[in-house]
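Below is one structure; the comments refer to it alone.
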Amino acid sequence: MSAHNRGTELDLSWISKIQVNHPAVLRRAEQIQARRTVKKEWQAAWLLKAVTFIDLTTLSGDDTSSNIQRLCYKAKYPIREDLLKALNMHDKGITTAAVCVYPARVCDAVKALKAAGCNIPVASVAAGFPAGQTHLKTRLEEIRLAVEDGATEIDVVINRSLVLTGQWEALYDEIRQFRKACGEAHLKTILATGELGTLTNVYKASMIAMMADFIKTSTGKETVNATFPVAIVMLRAIRDFFWKTGNKIGFKPAGGIRSAKDSLAWLSLVKEELGDEWLKPELFRIGASTLLSDIERQIYHHVTGRYAAYHDLPMS
Amino acid sequence: MAATRAGPRAREIFTSLEYGPVPESHACALAWLDTQDRCLGHYVNGKWLKPEHRNSVPCQDPITGENLASCLQAQAEDVAAAVEAARMAFKGWSAHPGVVRAQHLTRLAEVIQKHQRLLWTLESLVTGRAVREVRDGDVQLAQQLLHYHAIQASTQEEALAGWEPMGVIGLILPPTFSFLEMMWRICPALAVGCTVVALVPPASPAPLLLAQLAGELGPFPGILNVLSGPASLVPILASQPGIRKVAFCGAPEEGRALRRSLAGECAELGLALGTESLLLLTDTADVDSAVEGVVDAAWSDRGPGGLRLLIQESVWDEAMRRLQERMGRLRSGRGLDGAVDMGARGAAACDLVQRFVREAQSQGAQVFQAGDVPSERPFYPPTLVSNLPPASPCAQVEAPSLVGGPWRAEPPGHPLQVPWPVVVASPFRTAKEALLVANGTPRGGSASVWSERLGQALELGYGLQVGTVWINAHGLRDPSVPTGGCKESGCSWHGGPDGLYEYLRPSGTPARLSCLSKNLNYDTFGLAVPSTLPAGPEIGPSPAPPYGLFVGGRFQAPGARSSRPIRDSSGNLHGYVAEGGAKDIRGAVEAAHQAFPGWAGQSPGARAALLWALAAALERRKSTLASRLERQGAELKAAEAEVELSARRLRAWGARVQAQGHTLQVAGLRGPVLRLREPLGVLAVVCPDEWPLLAFVSLLAPALAYGNTVVMVPSAACPLLALEVCQDMATVFPAGLANVVTGDRDHLTRCLALHQDVQAMWYFGSAQGSQFVEWASAGNLKPVWASRGCPRAWDQEAEGAGPELGLRVARTKALWLPMGD
């Protein structure tokens, strides 16, 4: 990842006047999915690019070292080597952007990636994931422990109650403390947009969270996860923040992104709203678990002209 | 390992992440053209009509210039054949119950669904518009239109009782149009039982395809006939004796010329003119969303024309920055590419916009262009023009291509229409100023208001003089929502109930006949006022002192300082009335305008209360009024009945106006659409000679009830009764509400019809006068209602107070209110 976002002073005037028009954003979200498509080589290249944005994720109660190991291996070799060769892309070092696990599994992931001989970062969720309803002290401690275990990226959830009650300064302070607890690790702030009530709140929470790195839509555990309307609002906030401060903030949709087609729509959404500068792993991630296998299937079809059987592609 | 299908470029694309071509195959469009041997004729009476010895024009791909087919040009005899076919088909089609027509329209919708791919590729191929817009927008809406109107047809007998279909409709479409424009107009026409002859510009195959699909459905072949031909056929089609109404859609100047040439002809005329839209961006708006609204309006191939953009000064910089940023991401290319925002519209559109931009630049405007656009013609980049003051000559000069024609005597200073794909941005300071600027043009099509403050948005939405207002959205359409305009955008409507009434007439009224008098001289009609000479010896009781003109709430002496004698039925002098002239008309219109905002702002209840007060006053003076009527030759009983009926009319309209406007619910939109009925403004009424009291009141009552203010010319034979009513109005009404000018009918008619600031005119009088009024209305395209010398039974409910009056006395506005937090 690029240099840390050193943060900015809290400036509530940036969020005091903002009003997001919900129906208009919904219309834009509908249009954006229909207005841009890519086909053929373009599609293959875009899909491979999408692979490099994936935070390959497993966040289940039954995760153990064996499936973490498998996940890490898949992160290193996301697409079958012969398929990449056919596309003349085998020397591009295509891996996923990171693997993302619970704090207790960070050690397993670090070990497995070391064994696979690569430097893919390990991301850990933290801070009372997914609800954030624990004491601040334990949330901060959780971050420190994950960093100690070797996580270099921390995905924290914000305290939704602070947003819903409008305590923007308290939210800002909490995120600053998370930031401090991360040390050298990168911070991604999960807004859990499905629980913020309105798009205007999403915009405001995005602005506050950016004053502190990456912003991320959701935990994957809410009823509504990464949706286009929410993403549009967050991307517009990122652009406004960039225009105000010159800082480029990263964006990570997570939850519910399963098909290769979805991933293409997300790429074109970022391209349309922010531009090509944002289309790199330092500024754009996709949090997903099953997406990768669908992308691999599409690549298989693109290269061979046939649809793959389940056993044709290695599992993750 | 199977053979590699990947191209060599994947590596480069992986780095650049550029978009690639997404071509949509147009093979089926070409295959359809092949079935016609690449030669398109006309579709008449369920058959292809390909007469010999006709000129043909090539139908080209606007982007590659490739010849797709040749299109035969219709001639006068083809037009006559089509009108005859439609006339024959009308007999059967209109006689069937609505349910049968409904089934037929539903079947047409199903056929369109089956062949939608052919339709959208053909349309996009030939017009150059983005295929995505045609596929996801137009084709779907076309089917919805058919379904909606099928429902209307099936309930026609109950819901539209008292109305009957007009007959054969002549539909004229502009050179650049979507087949959807045709659907908006043919659906209501067919639903109510009319049949259609559509004249489409050369080289537009999609309407022909639709006609073929409709024609091959079977039992009713002649209901939709499509001819392709040059603009010179427009007057020929319009003047065919079988045509009952001409629905014209196109450029304002052509509409104006057609209005003049159809004066006195048999066909009615409905105009839908201009393509420009308006967007108001206030400082409380969600600016990013408003920018998307601008894209929807001007840079997405959805709207047909350009956009005037008014931005509140305090957010000017922010809005312009966001607009320019957004423009950089627009993509233009071949219409059949599935990933472009804008296609191209052919060389003519390209020339028009080039000329506009050059002209704007030469007057000091700033021009910003951006986007991923091919550099060669006929592509044109999205363009943002700013710093073009409204008084600059560019905004005031007519487009060069439109000047000319036989009617050079134009009122000067019509602002140029903003062409596609141009947005002209200008600032405003307050909402009040925004309304002044927005309403300060002759156009009245559509507008959107972007504001997150409900109160402000409604204030602007109600205040804009346009046919459609969207709040925080732009360009939404639905079959159940009437779409139309006011002012010089023409006052014809399509969609919703208003669209149906365009093709209906009250049952049982005599057929509209041509009243064309070839030797009527428009330059001299009503120009001179015959001088008043002494009226001879006075017999009987000395007449009352001359009445004045009732203007601004009081009786005034006429500018000419002369009076005209009025005789009773036995030829004796009954009294003198003032001889009004041009200056008096000017004063009366001014007074009416001054009174208008206050009166229109009153609640319907308050307006009704005043009408009821006038009714009571008339009843108190019943004996005076009756005796006046008696002197005009009425029986005492009949005279008393006329007074009573007049009072009843006032009360009835006061009550009727309470239940005006309603809410529509639209598919796919959360939130209501309000169908408002708004007053027209200043209405000029020339009353018939007969029924001197009843007709006067029957016309006055609805006009005032709906919030208009009026300038009336009372019965020429007996203006005294109207002046009697004025004595009551002077005490009951605020000043200026109703103004009554007596004098020479033709002269006053001329003054009113040529007045640019009279918003509508009703004329009940001679055929010649009607013809003149229709001709003169082309100046500001005011809606006119002329009797053409036909008497009306004012004492009958249907003719004297029927729904026709209610329709004509107000204009519709659709106000879209999407909701969501």
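The values are calculated or read from the model by the stated rules, or taken from the named source; none is laboratory data. These numbers come from a predicted model, not from an experiment. Note that we place each Cβ from the backbone using ideal geometry, even for glycine, and neighbour counts take in every protein chain shown. To get the accessible areas, we keep the full protein, side chains included, count just its heavy atoms, and leave off ligands, DNA and RNA. Shrake-Rupley method; radii C 1.70, N 1.55, O 1.52, S 1.80 Å.
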Q | Close pairs from segment B:10-36: first of a type outside the set (S, T, N, Q) and open to solvent by 40 Å² or more (accessible area, probe 1.4 Å), partner assigned to a helix (DSSP H, G or I) and at pLDDT 90 or above, Cβ under 7 Å, at least 6 apart | A | B:His26/B:Thr121; B:His26/B:Leu125; B:Cys28/B:Arg117; B:Cys28/B:Leu118; B:Cys28/B:Thr121
Q) Taking A:Phe178 and the conditions (1) open to solvent by less than 20 Å² (accessible area, probe 1.4 Å); (2) farther than 30 Å from B:Met320 by Cβ; (3) within 14 Å of chain B (Cβ to nearest Cβ), which numbered condition does it fall short on, given that it satisfies the others? A) (3)
Q: Take segment A:5-30 and flag every residue that is more than 8 Å from chain B (Cβ to nearest Cβ) and either open to solvent by less than 30 Å² (accessible area, probe 1.4 Å) or of a type in the set (Ser, Thr, Tyr) (or both).
A: A:Asn5, A:Gly7, A:Thr8, A:Ser13, A:Ile15, A:Ser16, A:Ala29
Q | Single unsatisfied condition, A:Ser293 versus (1) open to solvent by 10 Å² or more (accessible area, probe 1.4 Å); (2) closer than 24 Å to A:Val157 by Cβ; (3) in contact with a Ser or Thr (Cβ under 7 Å, 6 or more places away or on another chain); (4) more than 14 Å from chain B (Cβ to nearest Cβ) | A | (2)
Q: Could you tell me whether segment B:341-362 includes any residue that is within 12 Å of chain A (Cβ to nearest Cβ) and crowded, with 19+ Cβ neighbours inside 10 Å?
A: yes
Q) Is it true that some residue in segment B:303-314 is open to solvent by less than 20 Å² (accessible area, probe 1.4 Å), within 12 Å of another protein chain (Cβ to nearest Cβ) and at pLDDT below 95? A) no
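Name every residue in segment A:241-279 that is within 14 Å of chain B (Cβ to nearest Cβ) and touching a Gly at 6+ places or on another chain (Cβ under 9 Å), in order of residue number.
Here is the first cut: in segment A:241-279, the residues within 14 Å of chain B (Cβ to nearest Cβ) are A:241-244, A:261, A:263-279.
Matches in segment A:241-279: A:Gly275, A:Trp278.
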Q. In this structure, is A:Ala151 in contact with a Gly (Cβ under 9 Å, 6 or more places away or on another chain), crowded, with 22+ Cβ neighbours inside 10 Å and more than 23 Å from A:Asn247 (Cβ to Cβ)?
A. no
Q) Which of the helices (runs of 4 or more DSSP H) contained wholly in segment A:53-145 include at least 2 residues that are open to solvent by less than 50 Å² (accessible area, probe 1.4 Å) and of a type in the set (Lys, Arg)? A) A:65-76
Q. Which number in (1) within 14 Å of chain A (Cβ to nearest Cβ); (2) part of a helix (DSSP H, G or I) marks the one condition that B:Ser300 misses?
A. (2)
Q. Which condition number in (1) open to solvent by less than 10 Å² (accessible area, probe 1.4 Å); (2) touching a strand residue (DSSP E or B) at 6+ places or on another chain (Cβ under 6 Å) is the one that B:Phe772 fails?
A. (2)
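Given the criteria within 12 Å of chain B (Cβ to nearest Cβ), touching a strand residue (DSSP E or B) at 6+ places or on another chain (Cβ under 6 Å) and closer than 18 Å to B:Asp288 by Cβ, does A:Val233 qualify? Reasoning before the result, please.
Values: within 12 Å of chain B (Cβ to nearest Cβ): yes; touching a strand residue (DSSP E or B) at 6+ places or on another chain (Cβ under 6 Å): no; closer than 18 Å to B:Asp288 by Cβ: yes.
No.
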Q: Among the residues of segment A:146-166, count how many are in contact with a Ser or Thr (Cβ under 8 Å, 6 or more places away or on another chain) and not aliphatic (A, V, I, L, M).
A: 3
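Would you say A:Phe284 is open to solvent by less than 40 Å² (accessible area, probe 1.4 Å), aromatic (Phe, Trp, Tyr), away from chain B (no Cβ under 14 Å) and touching a strand residue (DSSP E or B) at 6+ places or on another chain (Cβ under 8 Å)?
When the stated conditions are applied, A:Phe284 does not pass them.
Where in segment B:134-250 are there strands (runs of 3 or more DSSP E), lying wholly inside it, with at least 1 residues that are among the acidic types (Asp, Glu) and open to solvent by 30 Å² or more (accessible area, probe 1.4 Å)? I'd like the intermediate steps shown before the answer.
Working: elements: B:163-165, B:168-172, B:195-200, B:224-228, B:243-250.
It comes to B:163-165.
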(Q) Looking at segment B:667-681 only, could you name the residues that are of a type in the set (D, E, K, R) and within 13 Å of chain A (Cβ to nearest Cβ)? (A) B:Arg670
(Q) Can you confirm whether B:Leu323 is part of a helix (DSSP H, G or I), buried (at least 24 other Cβ atoms within 10 Å of the Cβ) and not basic (Lys, Arg)? (A) yes
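What number of residues within segment B:81-99 are open to solvent by 40 Å² or more (accessible area, probe 1.4 Å) and either out of contact with any strand residue (DSSP E or B) (no Cβ under 8 Å at 6 or more places or on another chain) or among the charged types (D, E, K, R) (or both)?
Step one: list which residues in segment B:81-99 are open to solvent by 40 Å² or more (accessible area, probe 1.4 Å), which gives B:81, B:84, B:87-88, B:90-91, B:95-97, B:99.
Right, trim to either out of contact with any strand residue (DSSP E or B) (no Cβ under 8 Å at 6 or more places or on another chain) or among the charged types (D, E, K, R) (or both) and you get B:84, B:87-88, B:91, B:95-97, B:99.
Qualifying residue count for the region: 8.
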Q) Restricting attention to segment A:296-316, which residues are assigned to a helix (DSSP H, G or I) and within 16 Å of A:Lys85 (Cα to Cα)? A) A:Glu296, A:Arg297, A:Gln298, A:Ile299, A:Tyr300, A:His301, A:His302, A:Val303, A:Thr304
Q: Check B:Leu683 against each of (1) in a loop (DSSP other than H, G, I, E, B); (2) in contact with a Ser or Thr (Cβ under 8 Å, 6 or more places away or on another chain); (3) aliphatic (A, V, I, L, M) and name the one condition it does not meet.
A: (1)
Q) Given (1) part of a helix (DSSP H, G or I); (2) over 29 Å from A:Leu26 (Cβ atoms), where does A:Leu187 come up short, assuming only one miss? A) (1)
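Going by what's in this entry, would A:Ala50 be described as open to solvent by less than 40 Å² (accessible area, probe 1.4 Å) and more than 7 Å from chain B (Cβ to nearest Cβ)? Walk me through it before giving the result.
Working: open to solvent by less than 40 Å² (accessible area, probe 1.4 Å): yes; more than 7 Å from chain B (Cβ to nearest Cβ): yes.
For A:Ala50, the condition - open to solvent by less than 40 Å² (accessible area, probe 1.4 Å) and more than 7 Å from chain B (Cβ to nearest Cβ) - is met.
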Q. So which residues in segment B:575-591 are outside any strand (DSSP E or B) and open to solvent by less than 50 Å² (accessible area, probe 1.4 Å), if there are any at all?
A. B:Glu579, B:Gly580, B:Gly581, B:Asp584, B:Ile585, B:Gly587, B:Ala588, B:Val589, B:Ala591
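Just to be sure, is B:Gln796 open to solvent by 30 Å² or more (accessible area, probe 1.4 Å), away from every other protein chain (no Cβ under 14 Å) and of a type outside the set (Val, Ile, Thr)?
When the stated conditions are applied, B:Gln796 passes them.
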Q: Could you list all residues from segment B:707-743 that are closer than 20 Å to B:Ala810 by Cα and open to solvent by 10 Å² or more (accessible area, probe 1.4 Å)?
A: none
Q | Test for B:Val373: is it modelled with pLDDT of 95 or more, surrounded by fewer than 23 Cβ atoms within 10 Å (Cβ to Cβ) and more than 14 Å from chain A (Cβ to nearest Cβ) | A | no
